[in-house]
Amino acid sequence: MSDFREAQNQAHPNKTNTLMVGIIFLLIGIVGIQIWLLYGTLNNALSENQGFALAAAIGSFVFFFLALFLLKYLPDARGKSRRN
Amino acid sequence: MAYNSKEKETPNWKKDFPVKKDEATHVSRREFAKFLCLLSGGMALGNGIIAIKSFAFPSKELEGEHFICNTSDVAIGQTKEFIIEGEKNIPYLLIHLSEGKWRAFEQKCTHLSCAVRYNAEINKIECPCHKGFFDADTGTVLAGPPPRPLPQLSVHIKNEKVYVSAYKESKTIS
Ligand code: FES
């Protein structure tokens, strides 16, 4: 029997693909910003700039939780959604 | 023992790897996304460790006075390299700028840690790596990529002997 989800999937066969690409790009962006923060922290820790180190660490953790949150929207593996 | 016909048709390799090819690629993108997330966690952890380390073990100031050499060892316009042993062995550069005027700077360029040297002709400290220039008097950056001034030590002259200690504005001999 066809249901709403199936009809949707048939109408937009590229949906999961787009979602996947979007998530991966966002994740790459997040990791990029974190690399930047880490670089800044390493540089600033040398001159005992502790305030910056703390702010960057907090920011980095926020980005990590953002990345974790994004994983929630990861499309199901194809096999699984077919079986349902 | 009876096999049903369907089971017979399935080759062994297919039983061992029961993942369809297109499914395999689909899964790998999921895995890639998860891997990126793991990487993100690693970055956050690294950043956290640096922050904790900088708060838990702030680098200590140099304690006490250290004897370097006799004043007669370094002529005006000349320099002497020395290392102060401690937790970290930091190389320093002692400069005799003019009569009675001494300076001691960390020898590591604040840009990418190349060894800086004193150029007496132009009275500047120069970093040969990327043409960074520092003021020989104060250690401030004059030109080039270094982001911070050179860290400095105070120099004291007592009985024709040169001593250094942690930098304090007022103690500097000019
Ligand atoms: S390392 Fe000194 S200018 Fe780059």
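The values are calculated or read from the model by the stated rules, or taken from the named source; none is laboratory data. Note that the structure is predicted; figures quoted are calculated from it, not measured. Cβ sites come from the backbone with ideal geometry, for glycine too, and all protein chains shown count toward neighbours. For the accessible areas, the whole protein counts, side chains as well, though only heavy atoms, and no ligand, DNA or RNA atoms are used. Shrake-Rupley method; radii C 1.70, N 1.55, O 1.52, S 1.80 Å.
Here the spin labels are modelled as points 7 Å beyond Cα on the Cα-Cβ line, and at A:LEU66 and B:GLU63 they lie 4.4 nm apart.
Gaussian network model of chain B, Cα springs within a sub-10 Å range: biggest mean-square fluctuation belongs to which of B:PHE17, B:PHE67, B:PHE32? Top of the fluctuation ranking is B:PHE17. Per residue, the accessible area of the range A:4-75 comes to 62 Å², computed with a 1.4 Å probe over protein heavy atoms only. Buried accessible surface for the A/B pair, both sides summed and rounded to the nearest 100, is 2800 Å² with a 1.4 Å probe. Residues considered: B:SER40, B:SER98, B:SER28. Largest GNM mean-square fluctuation over chain B, using C-alpha springs under 10 Å, is found at B:SER28. Mean-square fluctuations from a GNM of chain B, with a 10 angstrom spring cutoff on Cα atoms, peak among B:LEU153, B:LEU45, B:LEU62 at B:LEU45. As a calculated quantity, the FRET efficiency between B:LYS34 and B:ASN119 at R0 = 45 Å, using C-beta atoms, amounts to about 0.25. What the Cβ-Cβ distance of B:ILE76 and B:LEU112 gives, at R0 = 35 Å and to the nearest 0.05, is a FRET efficiency of 0.70.
Give a quick list of trypsin sites (Lys or Arg not before Pro) in the range B:97-132 that DSSP marks as loop, anything other than H, G, I, E or B, with at most 15 other Cβ atoms within 10 Å. List each step's numbers first, then the result.
On the way: sites: B:LYS101, B:ARG103, B:LYS108, B:ARG117, B:LYS124, B:LYS131; in loops: B:LYS131.
The qualifying sites are B:LYS131.
Remark on the protein assembly as shown: B:CYS37, B:CYS69 stand apart, with no other cysteine beta carbon under 4.7 Å. Placing pseudo-labels 7 Å out from each Cα toward the beta carbon at B:ALA166 and A:TRP36 gives an inter-label distance of 3.6 nm.
Computed from the Cβ-Cβ distance with R0 of 25 Å, the FRET efficiency linking A:ASP3 to A:LEU26 stands at 0.25. Across the cross-link table entries B:LYS53/B:LYS88; B:LYS88/B:LYS131; B:LYS53/B:LYS131; B:LYS53/B:LYS124; B:LYS108/B:LYS168, which are compared at the Cα atoms, the separations over 24 Å belong to B:LYS88/B:LYS131; B:LYS53/B:LYS131; B:LYS53/B:LYS124.
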